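Here the structure comes first, spelled out in structure tokens, and everything after it is commentary.
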């Protein structure tokens, strides 16, 4: 063979190898093995950028007897839904397992002991060969019979390219499962899906000199710009300190958008029932537990104390596996909706906002005939996305109430009895109805049990109305 022909053969071989290694755009191969390409749309995101802020809400409580407003005291309790203890967890390293294991466990989505998947895989029903489901969701209740699923915080890595990785979909392909191997981290479409279900986000590492707080602060701003662009205007206000590096705390203290921070050392222990201020820029304590068993022990030790003396247990996570699913099941069955229903498990952003509303909101009450009217002014900070509070009406029994109603901007409302009277939960998220409609339509396109649970979950967040009833009627 001549040198020229050898060169041509060698070039052809290299070209074919390069083509074989190119990651093609996401596609689905139908179960009948036809090569029909289909676009996978994982772009839906709740419109956080137009959320309600600085809200004035009015609640009308119609009673079955004349009432004296002086007999009732209004308060926003230390924990939403009058829960007696707080559990938080933050997953570091922008871990791929935050989506396919932690988030999936909570929301009743497929799980795998050996593999990982992404949001576009779930939409395409292209899943690992050992996928299984818990066939349930994990959470507590709002004290009025409505499910409130557990939430958590995941850190992001906006300055690293792996969040932009293209995901290969190859439904029905079984020769290998490379597409389900653990990736360097979450991709943005995973984050969109997690945010839609209430997961919070935080900064951790930024791509610069870790010993220079000025450079770190500048890179917080660069990372924030990327987050705002990738998440359609949804910003980040939290830092999870990386590796005990206090230069990050110095930088975060000087970077105004970061309002809440957590660290393992040199931090303030949070006693939720003793908090008297809004916690802005306060470095709060979290713990890297050596095992799930140690978390259970810490919880059980705190529950031996009066609620006023309990600390918030905030666990730091990295990669999660089956033991974390087992822990979340244990939490649900002992202290969640299938247990004594005593725990509140929000993400850190939501807890921070709720406490801010509790400290800064003002409330007034008046009576017209048999109607007790409550007006609540709820101020907001930058990048606030959870305008939802519990209001206690001490001294008013549920048996005295005929109905509870609220106009705009209240979109979600429920009420129930607690030990000292009646609690009213209001949600003022602007797009709650449109969000519920999205999940009803998703169910109508693909009538799985999981989609039905999600549709009911989001519709049940809405206040009573004919539109809510119509949406429930569309879910089999």
Self-check item: Alpha carbon Rg of the stretch 292-368, scaled by the compact-globule rule 2.2 N^0.38 Å
Solution: 1.43
Quiz item: Between the stretch 269-340 and the stretch 208-225, what's the alpha-carbon centroid distance in Å?
Solution: 31 Å
Quiz item: How much space per residue, in cubic angstrom, does the convex hull of the C-alpha atoms of the stretch 362-476 take up?
Solution: 138 Å³
Quiz item: What fraction of the Cα pairs in the stretch 151-302, stated in percent, has a spacing above 19 angstrom?
Solution: 62 percent
Quiz item: Quick one: Cα centre-to-centre distance for the stretch 342-403 and the stretch 61-95, in angstrom?
Solution: 7 Å
Self-check item: Prolate/oblate/rounded call for the stretch 80-353, Cα gyration tensor, a/c under 1.5 rounded
Solution: oblate
Self-check item: Helix-derived mean residue ellipticity, 222 nm - over the chain, DSSP H n ≥ 4, -39500 (n - 2.57), to 500
Solution: -8500 deg cm²/dmol
Self-check item: For the stretch 432-473, alpha-carbon Rg and Dmax in angstrom
Solution: 9.3, 26
Practice problem: Provide the percentage of antiparallel DSSP beta bridges, counting only those with both residues in the chain; round to the nearest 5. | Solution: 65 percent
Practice problem: Compute the convex hull volume of the Cα atoms of the chain, divide it by the residue count, and report the result per residue in Å³ as a whole number. | Solution: 169 Å³
Quiz item: How many Å³ per residue does the convex hull of the Cα positions in the stretch 253-295 occupy?
Solution: 98 Å³
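Coordinate-derived values only; no laboratory data. Here the structure is a predicted model, which is why all the values come from computation and not from measurement.
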